[in-house]
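Student: Have a look at the structure that comes next, please.
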Amino acid sequence: MYSALAAAILALHLLFILWVVFGATVTRRRPVLRWLHVGSLIWGMLIEILPWNCPLTWAENWLEAGAGVAPYQGGFLLHYLDALVYPNVPSGLVTGFGVAVCVVNLGIYAVRFHRRRRLAGW
């Protein structure tokens with residue numbers, strides 16, 4: 001039971017990361033989704049920069065411990081994605097890349113906002 005719930009949390013974690021990375025593509029003309037995505041971007045940057053633990057990481061580790069699996073140390077990105085995608089890359093670079101993705105998404109929103117304000121001025 002614990003193992004299945006840990007796998008579900010892992011899937012939820014992956015979906016959240018995909019939402020953070022690609023959410024700007026589905027938020028056009030959807031103000032509620034746009035603000036949810038902006039909040040997710042801010043959360044993503046804070047959780048990467050500050051020494052906070054993500055609640056999903058905590059839940060996954062707790063469930064894995066309940067299943068008898070040794071929980072991993074560090075954050076989700078460093079444990080799963082770093083080992084698969086970026087082996088032997090410093091953790092600071094992975095963190096910087098994650099923050100950069102969030103900043104690019106916020107830049108997309110800034111451009112959209114600027115265009116909307118400029119068109120409204122005409």
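Derivation of every value follows stated rules applied to the coordinates shown; laboratory data play no part. The model shown is predicted, which means the values in this text are computed figures rather than measured ones. Every residue, glycine among them, receives a Cβ derived from its backbone with ideal geometry; neighbour counts consider all protein chains shown.
Student: Go through the stretch 20-26 residue by residue and turn each phi into a ³J(HN,Hα) via Karplus (6.51, -1.76, 1.60, θ = phi - 60°); whole Hz please, and just put x for glycine and proline.
Tutor: 5, 6, 10, x, 4, 6, 10
Student: Work from the charge dipole of the chain (Cβ charges, +1 for Lys and Arg, -1 for Asp and Glu, about the Cα centre) and give the residue of 67, 89, 50 farthest towards its positive end.
Tutor: With unit charges placed on the Cβ atoms, the residue in question is 50.
Student: Follow-up. Mind listing the phi-derived Karplus ³J(HN,Hα) values for the stretch 43-51, rounded to whole Hz, using 6.51, -1.76 and 1.60 with θ = phi - 60°, and x for any glycine or proline?
Tutor: After applying 6.51 cos²θ - 1.76 cosθ + 1.60, I find 4, x, 5, 5, 5, 7, 7, 8, x Hz.
Student: OK, next. Just to confirm a number: summing +1 for Lys and Arg and -1 for Asp and Glu over residues other than residue 40 whose beta-carbon lies under 13 angstrom from that of residue 40, what do you get?
Tutor: 0
Student: In addition: Karplus couplings for the stretch 99-115 from phi (6.51 cos²θ - 1.76 cosθ + 1.60, θ = phi - 60°), rounded to Hz, Gly and Pro as x?
Tutor: Each residue of the stretch 99-115 in turn: 5, 4, 4, 5, 5, 4, 4, 5, x, 4, 5, 5, 5, 4, 4, 4, 4 Hz.
Student: Just flag the trypsin sites (Lys or Arg not before Pro) in the stretch 1-57 sitting in loop per DSSP whose Cβ has no more than 16 other Cβ atoms within 10 Å.
Tutor: Answer by residue number: 28, 29.
Student: While we're on this one: If you place +1 on the Cβ of every Lys and Arg, -1 on the Cβ of every Asp and Glu, and leave all else neutral, what size is the dipole of the chain about its Cα centre, to the nearest 20 Debye?
Tutor: 1180 debye
Student: What chymotrypsin sites (Phe, Trp or Tyr not before Pro) in the stretch 18-59 are in a loop by DSSP, with at most 12 other Cβ atoms within 10 Å of the Cβ?
Tutor: Answer by residue number: 52.
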